[in-house]
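Everything below concerns the one structure shown next.
Every read-out reported here was derived from the displayed coordinates using simple, explicitly stated rules and does not represent laboratory data. Every value quoted in this text rests on a predicted model; they were computed, and no experiment measured them. Here the Cβ positions follow ideal geometry from the backbone for every residue, glycine too, while neighbour counts run over all protein chains shown.
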Amino acid sequence: MEFVDLSREIFHRTQTHPSHPPVVMTVWNDHGEKKVAGKTTFSSKAMSLAMSDHAGTHVDAPVHFDPRPGAASIDQVPLEKFYTPGICLDLSHVALKHAITVAEMEAALEASGQEIRPGDTVLIHMGVNARLLGKPGYLHDFPGLALESVHWLADRGIGMFGVEAISPAPEGEPNFLAHMACAERGITHIECLFNLEALVGRGRFRFVAFPLKIRGGTASPIRAVAIFE
């Protein structure tokens, strides 16, 4: 059994979507501070972490993009949604800022030799990290899905899809439309994935990405993993 880590590190000032607060990590206490109880001296270290629920590799909850009453927060989404079969499509050849068309999705699916089955998680490798991570363009120049491609995935009964970028579609109106389509179609998506190139051409896997139980959360950081039996 092989476990492939698909998550980015979270660290001080991790690159985060401009509309969300920054990640701030500081040392709360460390081993230089000694605690004494009776005859025992002890030290410990702990960090303080302040960040958005959309920091790092994370999954959006329906309440993030669906304004209707009753839209689920992250603690209300059933856990089985985050333990699914998965496939990865290779779109790493697309240009930056490009909106991936249905024809391109179909070609990538055919090239993978796989099929999309109801309940699958579909991960989309666009070469974002190799080209943009750590650069200013990571926040603005990423490719993503055209609106029709979001609907194409939903038509195939997926549970969710995932991308490496900070948004599922190119910056601006395409991104808003992609989020709204997720609300309309009852699906969600993962952002800021990492290491998707390790999945390309390897067929189906078990995808595991449990969120934190954040009361009322609009998203949650996840530790995303692909498992090959």
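In terms of other Cβ atoms within 10 Å, Y83, Y138 run from fewest to most in the order Y83, Y138.
Residues whose amide H lies under 5 Å from that of L133, counting only those 5 or more places away or on a different chain, are absent; hydrogens are built 1.01 Å from N in the peptide plane. Each part gets one Cα centre, and for segment 115-186 versus segment 1-33 those centres are 23 Å apart. Shown is the FRET efficiency for F42 and F3, computed with R0 = 35 Å from the Cβ-Cβ distance and rounded to the nearest 0.05: 0.55. Close amide-amide hydrogen proximity is noted between I222 and T57, H58, V59, each under 5 Å apart and 5 or more residues distant or on a separate chain (H modeled in the peptide plane; Pro and chain starts excluded).
Ordered by the number of other Cβ atoms lying within 10 Å of each residue's own Cβ, fewest first, T121, T40, T57, T14 fall into the sequence T40, T14, T57, T121.
The phi torsions of segment 58-67, fed into the Karplus equation with coefficients 6.51, -1.76 and 1.60 and a -60° offset, translate into couplings of 8, 10, 7, 8, x, 5, 5, 10, 10, x Hz, rounded to whole numbers, with Gly and Pro shown as x. Here the Karplus relation 6.51 cos²θ - 1.76 cosθ + 1.60, evaluated at θ = phi - 60°, turns the backbone of segment 165-174 into coupling constants of 7, 7, 9, x, 9, x, 4, x, 4, x Hz, with x for every Gly and Pro. Cβ crowding within 10 Å, taken as a proxy for footprinting-reagent exposure, orders E164, E148, E33 from fewest neighbours to most as E33, E148, E164.
The HN-Hα couplings worked out from phi for segment 106-111 by the Karplus form 6.51 cos²θ - 1.76 cosθ + 1.60 (θ = phi - 60°) are 4, 5, 5, 5, 4, 5 Hz, whole numbers, x standing for Gly and Pro. Taking amide H as placed 1.01 Å from N in the peptide plane, A165 has its amide H under 5 Å from the amide H of C192, L193, each at least 5 places away in sequence or on another chain.
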